[in-house]
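Asker: Before I ask anything, let me first share the structure, which is written out below as C-alpha cells.
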Amino acid sequence: MANFIAAKIPEGPLEKKWQNYKDQAKLVSPNNRKKLEVIVIGTGLSGASAAASLAEMGYQVKSFCFQDSPRRAHSVAAQGGVNAMKNYKNDGDSVQRMFFDTLKGGDFRAREANTYRLAQCSAALIDQAVAQGVPFAREYSGYLSNRSFGGVQVSRTFYARGQTGQQLLLGAYQALLRQQAKGKVKIFNRHEMLELVCENNTAKGIITRNLVSGKIERHAAHAVIIASGGFGKIYYLSTLAMGCNASAIWRAHKKGALMANPSWTQFHPTSLPQSGSYQSKLTLMSESLRNDGRIWVPKNKKDARNPNEIPESDRDYYLERKYPSYGNLAPRDIASRAAKEQIDNGFGVGELKNAVYLDFAKAIKDLGKTTIQKRYGNLFDMYEKITGINAFKEPMKISPSAHFSMGGLWVDYDLQTSIAGLFAIGEANFSDHGANRLGANSLLQACVDGYYILPYTLQNYLATQIDKPKPATHSQTFIDAEERVKTQLQTYLNTNGTKTPDEYHKELGKLLYDYCGLSRSRKGLTFVIKEIQRLREEFKTNLLVLGDTNQINSELEKAGRIADYFELAELMCLDALNREESCGTHFREEYQSDEGEAVRNDNDYAYTAAWEWTGNPSQPELHKEKLVFKNVSLSTRSYI
Amino acid sequence: MPMKLQLKIWRQKNSDDLGKFNTYELKDLNPAMSFLEMLDTLNLQLIKNKEEPVEFDHDCREGICGQCGVMINGIAHGEPKNITTCQLHLREFKDGDTIVIEPFRAKAFPVLKDLKVDRSAFDTLIASGGYIGVETGQAPEANTTPIPQEIAEQAFDAAACIGCGACVATCKNESAALFVGAKISHLASLPQGKAEREKRVLNMVNRMDELKFGHCTNTEACQVECPQDISVLHIAKLNYEYLRAKFKK
Amino acid sequence: MAITGLFLCLFLVIHLLGNFQLLLPEDEAQLQYNAYSAFLSGNILVKIIAYVLYISIILHSIDAIYLSFKSRKSKKTRYRYDARKRASKWYSRQMMLLGVILFAFLVIHFYDFWYPFKFGELPLDQQGNKDLYQLVIASFQNIGYVGWYSVAILALFFHLLHGFFSAFRSLGLYHPYYAQIIKLIGVIFSLLMCIGYLGIPIYIFISS
C-alpha cells in the first residue's frame, strides 16, 4: 500500500498561487546572506543561473561541474529555442494557453501549479536573456522575432539560429563568472560529486573527487542544489553528451530523496541512426526539419533500391497516412513511436535497417533549393559532415533516440526534495513536463527554476538556517562519507575482471532501449528486470578498470556512473511496470486502442510515482502524489 | 571497407612528465566512424591488453560544447577546415595512414595528462570582463530597445564561439585575440553592452597578457581552424575598442 | 608596431620619389639628385623628420624583438609534429626574418651611402654639391650589389604585403568592406614599392 505525499502547493486560485507564495515566503536580510553557504551541482542553464542569482543576492556559492569549464554543460547543445509567453505576435497567446499546452503536451501527468508558474515566469526570462546580450533572432524593425514550434497554435518560441541553448548558457555562464570575479562564487571544474552528506534527513554537504588530482574532498553548506541535468545517457546511445550522468541524482536518492517517474524518457524522432557497434552518440537534428521534410519507408521490406529510384507508389508516408491532420508534424512521442514500429516491422532503411527517410525532394521542388538552403543550410551541412551525404540529393536517414528525462528527483512546490535543504532544479527534477515535454520548454524550465523560482524558495528555507553554523567537515558523518567513497573507488579498481565500463554501458543501454524505451510491455519489463539484475551482479565481479585513484582516470569515473545506472535502470523498469496505462512517452503495449493509440487511465494513474530507496534496488517503496486537476478537464490527446 | 591505421599518440603522465609518442595499430575500422570513436576503440583495445587508456577531452560529440580538441597530423582539429575533432570522421583518412595526435600546446594551456589540457585560462578571461553586468531581476522589457537585425546577426557571429582553444593552439604566438575579440565584439555591438565597454576591453586585454597569451600578428590562421569560422575582423574590432578605451581614459 | 610601420611606409614613398630623379637623363640627374641630397641634409625640418625616422626604425625593431621574445616557445609548448602552416601565408609568419634582412640592408645601405655622404670625402659636382649620384650609379653597376639589393627589396615586398594591412587591423579597422579595400591597397602598394625600388637599380644596371 503506497503512501501519499503532498507537494505543499500554496492556497488560492491557480493564477495567484505563486504571488501568494512570494508574498509570504520568509526572507533573509542582506547582512545574514553572506554567512550562508550554498552548493550547486552542475553548471548548465539551471545550475549556472541559480548559482549566479544566489551569489548576486549575497549568498556564498560553491559551483561544481565535471567538465573542464562551466560553459560546456549540455544545455549548450539545445538547438530549437525557448518558449515564452510574450504574445508579441498578437496571436492570442496567454499564460493560461501556455499552461494548457504544456499540461496537454505532457498528457496531464504534471502538477498544475508548477506548470502554471512556468508559464507565468516565462516572459521575464526573455527580458533577462536579452539584457545579458543573448543575440536572439530579430525582425528588420529590430524587435524580437519568434516562431511556432512543436505543434502549438501560437508563436512563442524565441531562438538564436540553431544555437539557442548555447547562447542562453553563455549568458548564464558569464553572469556566473562575473560573480566568481567578485569572490561570491567559487567554481570547481573537473570535480564530480560522489556522495551527499546528510544528518537527520537534512543535507549538510557533499563529497567530491577532483578529477585531475584524484583527491577526495569534503564540502559543507547550508543547502545543496542538484542541477545535474537528465540521465538519458543511460540508454548509451542518446543525444546527450558523453559525460551526462545520473550519479548526483542517484546518490541523493540513496540518501532518501524520492525519485519521481524515472521511466519517462522522451525519444527525439529526428536524430541520426547508429552506423555501427562502435557508435558513441546519436546526433540530434533539429525538429524544425519536419516542417518541410516528409518521412517515409519503402512499402516493400526487401526494397534495396537507392531511395531516389523508389517511385512514389512504392513509398509509405506512414505519418501522413496515420495522422492526416498533423502528418509529419505529429508530436515527438508519436513520431518516434511510429518510426520504431516501422523499423521493428522490418521496414527500416540503411545498412543496419535502423532508420527511416526524411525526404526534402518535394520541398526543394515546391519552394526551390535556395529557400531550403536558407532554412536548413546549417543542418544540411552538419548532416553532410557526419554522414558524408548531401541531403539535397538524397533523403536523410533518421531514427529516434533517447533525449530528455521527464522524470527525476521528486520535488515539492519549493523545488525541495524529500531531504530538507536538498533542492533539485532543471532537468534533474521531475516537475513541469508530465509524461512528455513540449519542444522548447526544457531551456525555459531550466532558466525559470534557476533565475526566478529557486532564489525565492531557497531563501524561504535558508531563513530557518541563519542561526545554525555551517556544518563542520570534520564531523563523523563527513569522515564516514569520505571513507565510503574511497572504498567504493578502490573496489572498482580491485575487481580486475574482463569487461570495461563502456561495454557494460552498451549492454545495459541496449536492454533498456529494447524493453523500457519507446514501448514497454509487462512481459518485456519482467524479463529485462531479471536481465539487469544478472548484468549488475556480473558487473560487480567482472569489471575492468586500470590505473589508480590519484590521477586523471576517465575509466574510473565511468565505472561509478555505470554502477549507478545499473540501479537506476531497474527502478525505471519497475516504474514502467507499475504504471498500467499509456501516457505521453510511456507507451504500454497492453494499453492501446484498436488504432494503436495510447490509452490513459485517469482513474487509477493520475498520480506521480515517487520511489523511495530501501537499500535493495529491487524493492523500492512507492509513494504517490495525487495529481489534482481543478482548472482543466482531462481530454484525450488526439493527433489524428 | 575496413580500414587500418597507425596512430602516433602523445603520452604524458601528468603536467610534470616530459612525455613521448607511442605508436599503436588499429585494424578493421569503419570509415563511417568518428575520430573520437576511433580513440574509444583504441582505448578498449589498450585496456584489454592491460595498458592504460589514452586520456582525451570530449563531451557533447556534436561540435558545440568545445571540450574536444587535439592536434591531428599537426593541425588543430585535423585537416578539414572549420570543424571540431568530434565532427571529424575516418573517411577523411586513407587506409594505412599514420595519424599523429598531440595535445593543444600553449603556455596558457598546460597539459594535464596525455591529450587533456587545462584551458581554464579562458574562464579567467571571461571572468575579467566578458559579460554584461545585469543581475537577475534588473532587466527591462526585452522590446524596449530594438536592435537592428544586422547588428543582432553580427553579434551572433561573434557570440557563436565555442571556446575550444583551437585559435590559441594554432597561433604561432599563442594569442587569444580571436577568443577575446569575439567576446568584445559580441558585447560591444549590442546596446546593452555599451555601459561597460571601456572597462571590459581594458581588463580583458590586460588579463590576456597576464595569462601568458601571446600577441596577435594577424596571420589569420585562427579563423581557418575555428570550428565556427569566426572572422579575424573581430580582432580588429578588439583593437579598435582597446584604442578607443585608451583614448577615452 | 603599426604606427611606426605605417610611418616607415610613408617614408618609403618619399624616398622612392626622390630616387626617381636617378632616372632622369644623366647630366640632369646628377645635378638634381646631388642638389636634392644636399637640400635634405641641410634643412632643419628634414633633420627633425630624419630623427623621427631613425627613432621609428629603432622602435619598430625593439617592438619586434620584444614580441618575438614573448612568443618564444619552451620545449613543452613546441609541437613535435607541426603542419599549422597550411592556415596562413609564410610571409605573415616570417615577419621577423624579413625584418632582420631589411635591418641588415639598412645598416649596409647607411654604410654605403649615408655615411660617406655625411662624413666621408666625396668629389664635388659642377654645382659644388657632394657627388652622391656617381657613388650610387657605381654601386648599381655592380652585379653583386644589385643582386643583394634585389633580395632586400623582395624581403621588403613580402614584409609590406603582410605589414600594410596588418597595421590597419592593429589600429582597429574592422569594417569588412574597408578592411577588404585596405587589403587590396596593401597589395598594390607593396607591388608599386617593389617595382619602384627594384626598377631603378635594374634600369641603371642594364642601361650602363
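Asker: Under 5 Å between amide hydrogens, which residues at least 5 positions from residue A:194 or on another chain qualify, with H placed 1.01 Å from N in the peptide plane?
Answerer: Excluding prolines and chain starts, which carry no amide H, the hits are A:207, A:208, A:209.
Asker: I've got another one for you. Would you be so kind as to identify which of B:96, C:79, A:559 lies farthest towards the positive end of the dipole of the protein assembly as shown, taking Lys and Arg as +1 and Asp and Glu as -1 on Cβ and the Cα centre as origin?
Answerer: Farthest along the dipole direction, towards plus: C:79.
Asker: Greater than 18 Å separation of Cα atoms is the criterion. Which listed pairs, A:301/A:397; A:184/A:215; A:34/A:468; A:22/A:255; A:182/A:468, meet it?
Answerer: The pairs that break the limit, which is 18 Å between Cα atoms, are A:184/A:215; A:22/A:255; A:182/A:468.
Asker: According to the square roots a ≥ b ≥ c of the eigenvalues of the Cα gyration tensor, what is the shape class of region B:119-248, taking rounded for a/c under 1.5, prolate for a/b larger than b/c otherwise, and oblate for the remainder?
Answerer: prolate
Asker: If you count, for each residue, the other Cβ atoms within 10 Å and average over each peptide, how do A:216-224, B:202-210 line up from highest to lowest?
Answerer: A:216-224, B:202-210
Asker: Between residue A:266 and residues 5 or more places away or on another chain, which pairs have amide H atoms under 5 Å apart, with H built 1.01 Å from N, and which residues are they?
Answerer: A:403, A:404, A:405, A:406
Asker: Could you work out the mean count of beta carbons from other protein chains within 10 Å of each residue's beta carbon in A:267-278?
Answerer: The shielding value for this peptide is 2.
Asker: Averaging the inverse of every distinct alpha carbon separation and then flipping it gives the Kirkwood radius. What is it for region A:6-102, in angstrom units?
Answerer: It works out to 16.9 Å.
Asker: Could you pull the Rg and Dmax for region A:271-401, using just the Cα atoms, both in Å?
Answerer: When restricted to Cα atoms, region A:271-401 yields Rg and Dmax of 13.8, 39 Å.
Asker: At q = 0.25 Å⁻¹, work out log10 I(q)/I(0) for region A:194-255 with the Debye formula, treating every Cα as an identical point scatterer and leaving solvent out; two decimals please.
Answerer: For the requested q values the scattering log ratios are -1.08.
Asker: Of all DSSP beta bridges in chain B, what percent run antiparallel (nearest 5)?
Answerer: Antiparallel bridges: around 75 percent, rounded to the nearest 5.
Asker: Can you give the charge dipole size of the protein assembly as shown about its Cα centre, rounded to the nearest 20 debye, using +1 on the beta carbon of Lys and Arg and -1 on the beta carbon of Asp and Glu?
Answerer: 1280
Asker: If packing is taken as the average number of other Cβ atoms within 10 Å across a peptide's residues, how do A:279-288, A:109-118, A:361-370, B:85-94 rank, most packed first?
Answerer: So the order, starting with the most tightly packed, is A:109-118, A:279-288, B:85-94, A:361-370.
Asker: Let me ask something additional. What translational D, rounded to a whole number of µm²/s, comes out for the protein assembly as shown from Stokes-Einstein when the hydrodynamic radius is the Kirkwood one over Cα pairs, at 25 °C and 0.890 mPa s?
Answerer: Answer from the Stokes-Einstein relation: 77 µm²/s.
Asker: Further question: Averaged across B:116-123, how many Cβ atoms of other chains sit within 10 Å of each residue's Cβ atom?
Answerer: 4
Asker: For chain A, take the longest principal axis of its alpha carbons; what is the angle in degrees between that and the long axis of helix A:45-57, to the nearest 10 within 0 to 90?
Answerer: So the inclination is approximately 40 degrees.
Asker: Sequence gap of 8 or more, or different chains, plus Cα separation below 16 Å: how many lysine pairs satisfy both in region B:172-249?
Answerer: 13
Asker: Here is a further query. Using a Förster distance of 35 Å, how high is the FRET efficiency between residue B:151 and residue A:353, based on the Cβ-Cβ distance and rounded to 0.05?
Answerer: The pair residue B:151/residue A:353 has a calculated efficiency of 0.10.
Asker: If I take every Cα pair under 8 Å that is 6 or more residues apart in chain A, average their sequence separation and divide by the length, what percent do I get for the relative contact order?
Answerer: Value for chain A: 21 percent.
Asker: Quick one: what are the phi-derived ³J(HN,Hα) couplings along region A:169-185, Karplus 6.51/-1.76/1.60 with θ = phi - 60°, whole Hz, x for glycine and proline?
Answerer: 5, 4, x, 5, 4, 5, 5, 5, 5, 4, 6, 4, 4, 7, x, 8, 10
Asker: What ³J(HN,Hα) values, in whole Hz, does the Karplus curve 6.51 cos²θ - 1.76 cosθ + 1.60 give for region A:186-192 when θ = phi - 60°, with x put for Gly and Pro?
Answerer: Running phi through 6.51 cos²θ - 1.76 cosθ + 1.60 with θ = phi - 60° gives 10, 9, 10, 8, 6, 10, 10 Hz.
Asker: Sequence gap at least 6, Cα distance under 8 Å: using those rules, report the relative contact order of chain B to the nearest whole percent.
Answerer: Relative CO of chain B lands at 20 percent.
Asker: Moving to a separate point now. Please identify, among C:163, C:120, C:147, the residue showing maximal mean-square fluctuation in a Gaussian network model of chain C using a 10 angstrom Cα cutoff.
Answerer: C:120
Asker: State to the nearest 20 debye the size of the charge dipole of region A:476-626 about its Cα centre, where the only charges are +1 on K and R beta carbons and -1 on D and E beta carbons.
Answerer: It works out to roughly 300 debye.
Asker: Bins of 5 Å, beginning at zero and ending with the bin holding the largest distance: percent of Cα pairs per bin for region B:3-113, please.
Answerer: 2, 11, 22, 27, 22, 12, 4, 1
Asker: Highest mean first, how do A:431-442, C:179-190 rank when packing is the count of other Cβ atoms within 10 Å averaged over residues?
Answerer: A:431-442, C:179-190
Asker: Let me know the shape class of region A:73-198, please: from the alpha-carbon gyration tensor, a ≥ b ≥ c as square roots of the eigenvalues, rounded when a/c is under 1.5, otherwise prolate if a/b is greater than b/c, or oblate.
Answerer: Oblate, because a/c is 1.5 or more while a/b does not exceed b/c.
Asker: Okay, next question. Rounded to the nearest 0.05, what FRET efficiency is calculated for residue A:631 and residue A:201 with R0 set to 45 Å and r the Cβ-Cβ distance?
Answerer: With a Förster radius of 45 Å, E is 0.85.
Asker: Taking the Cα atoms of region A:476-626 alone, what are Rg (to one decimal) and Dmax (as a whole number) in Å?
Answerer: When restricted to the Cα atoms of region A:476-626, Rg and Dmax are 18.5, 60 Å.
Asker: Right, something else. Accessible area per residue of the protein assembly as shown at 1.4 Å probe, in Å²?
Answerer: 38
Asker: Whole percent per 5 Å bin, from 0 to the bin with the longest distance: what is P(r) over all C-alpha pairs of chain B?
Answerer: Per 5 Å bin, starting at zero, the Cα-Cα P(r) for chain B comes out as 1, 6, 12, 16, 17, 14, 11, 8, 6, 4, 3, 1, 0 percent.
Asker: Given H placed on each backbone N at 1.01 Å, which residues far from residue A:611 in sequence or on other chains put an amide H within less than 5 Å of it?
Answerer: Correct list: A:259, A:260, A:261, A:623.
Asker: Would you mind telling me the share, in percent, of accessible area of region A:1-141 contributed by carbon and sulfur at probe 1.4 angstrom?
Answerer: Ligands and nucleic acids excluded, carbon and sulfur give 51 percent.
Asker: Can I ask one more? Could you run the Karplus curve 6.51 cos²θ - 1.76 cosθ + 1.60 with θ = phi - 60° over region A:463-468 and give me ³J(HN,Hα) per residue in whole Hz, x for Gly and Pro?
Answerer: Values per residue, Gly and Pro as x: 4, 7, 9, 4, 7, 9 Hz.
Asker: A further question on this structure: Give me the percent of DSSP beta bridges within the protein assembly as shown that run antiparallel, rounded to the nearest 5.
Answerer: DSSP beta bridges in the protein assembly as shown are roughly 70 percent antiparallel.
Asker: Would you calculate the separation in nanometres between label points at residue A:542 and residue A:313, each defined as 7 Å from the Cα along the Cα-to-beta-carbon direction?
Answerer: 5.3
Asker: Projecting each Cα onto the charge dipole of the protein assembly as shown (Lys/Arg +1, Asp/Glu -1 at the beta carbon, about the Cα centre), which of A:527, C:69, B:151 comes out farthest on the positive side?
Answerer: C:69
Asker: If you don't mind, there's one more thing I want to ask. So if I take the centroid of the Cα atoms in region B:1-41 and the same for region A:46-114, what is the distance between those two points in Å?
Answerer: The two parts, judged by their Cα centres, are 40 Å apart.
Asker: Taking every residue in B:157-165, how many Cβ atoms of other protein chains lie within 10 Å of its Cβ, on average?
Answerer: If you average over the peptide's residues, the count of other-chain Cβ atoms is 4.
Asker: How many percent of DSSP beta bridges within chain A run antiparallel, rounded to 5?
Answerer: Within chain A, antiparallel bridges account for around 65 percent of the total.
Asker: Report, to two decimal places, the Cα Rg of region A:345-441 normalised by 2.2 N^0.38 Å (N = number of residues).
Answerer: That works out to 1.62 for region A:345-441.
The values are calculated or read from the model by the stated rules, or taken from the named source; none is laboratory data. Bear in mind the structure is a predicted one, so any value in this text is a computation, not a measurement. We place every Cβ from the backbone using ideal geometry, glycine too, and count neighbours over all the protein chains shown. These area figures cover heavy atoms from the full protein model, side chains too; ligands, DNA and RNA do not enter into them. Shrake-Rupley method; radii C 1.70, N 1.55, O 1.52, S 1.80 Å.
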